[in-house]
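Following: one structure in structure tokens, then a few remarks.
The values are calculated or read from the model by the stated rules, or taken from the named source; none is laboratory data. The model shown is predicted, which means the values in this text are computed figures rather than measured ones. As a convention, Cβ positions derive from the backbone with ideal geometry for all residues, glycine included, and neighbour counts pool all protein chains shown. Heavy atoms of the whole protein, side chains included, go into the accessibility calculation; ligands, DNA and RNA do not. Shrake-Rupley method; radii C 1.70, N 1.55, O 1.52, S 1.80 Å.
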Amino acid sequence: KFLKSRDALKGPVQLKPYTKINQNACFRVELSPDGVAVITIDVKDAKVNTLGKWILDLEPSVAQLELDPEVKGVVLISGKDGDFVSGLDLKMLNEKEFQTTEGILKRTKAFQDFLSKLESGKPKVAAVHGACLGGGLELALGCHVRVASLHPKTNFAFPEVKLGVLPGAGGTQRLPALIGVWRALPLLLTGAPQGAKAALRLNIVDVLEADREMLLP
């Protein structure tokens, strides 16, 4: 079993920095004694994590973890309390690349390609503590397993559909494949948020834990 319950551990797991890649200002990579790489997303100088250019830096980091025989699997978790990833950084919409259709398609395709690589290879686990929205939910769906805390802010949604924007990185395909078309349609058409317990009932989440610490390997 990839993720262990805190009850099964004899004490806090000591994570050590993973030194085979360059660390990023928005995420850090550490390694547990049993070979689980923990990617902690913690966007600098921000109250919540949003998808920005750092996601493109995450791709080569994941690629390195795939090649390293010491790494048995990967956990993605947030370093912020009450927030996993809350969608796109809206400041990016002011960038030149987002002013043209070609630029938007190029950036969207890059995220699509990253998620396709993420869902292949070694086991990937999204450890969700807090809001998992928009691109954050797309990121979680790109992992093989999703575990979530019972934090009151833990919820899953595609709020962008309320603005007439459909998930663009594969969520319209992954969510129905995961939970079935009829269960997925209300989430894809209304953007209604699902709490941790509801997400478990819908099979979006595989395991619930009491708090963030128990999500760690």
In the stretch 161-213, which residues are assigned to a helix (DSSP H, G or I), at pLDDT below 90 and open to solvent by less than 40 Å² (accessible area, probe 1.4 Å)? Val161, Gly171
More than 18 Å from Val36 (Cβ to Cβ), modelled with pLDDT of 90 or more, assigned to a strand (DSSP E or B) and open to solvent by 10 Å² or more (accessible area, probe 1.4 Å) - does that describe any residue in the stretch 136-150? no
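Among the residues of the stretch 106-128, write down those that are open to solvent by 10 Å² or more (accessible area, probe 1.4 Å) and of a type outside the set (Gly, Ala, Ser).
Kept after step one, since they are open to solvent by 10 Å² or more (accessible area, probe 1.4 Å), are these residues of the stretch 106-128: 106-113, 116-117, 119-123.
Across the stretch 106-128, the qualifying residues are Lys106, Arg107, Thr108, Lys109, Phe111, Gln112, Asp113, Lys117, Glu119, Lys122, Pro123.
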Would you confirm, using the coordinates I've provided, whether Leu90 is surrounded by fewer than 17 Cβ atoms within 10 Å (Cβ to Cβ) and modelled with pLDDT under 90? yes
Restricting attention to the stretch 158-165, does a residue exist that is among the charged types (D, E, K, R), under 17 Å from Ser86 (Cβ atoms) and under 15 Å from the mean Cα position of the chain (by Cα)? no
Which pairs have Cβ atoms under 9 Å, sit 6 or more apart or on different chains, and link a residue in the stretch 46-64 that is in a loop (DSSP other than H, G, I, E, B) to one that is basic (Lys, Arg) and open to solvent by less than 50 Å² (accessible area, probe 1.4 Å)? Ala46/Lys80; Lys47/Lys80; Val48/Lys80; Asn49/Lys80
Against the condition under 14 Å from Ile204 (Cα atoms) and of a type in the set (Gly, Ala, Ser), how does Ala140 come out, does it pass? yes
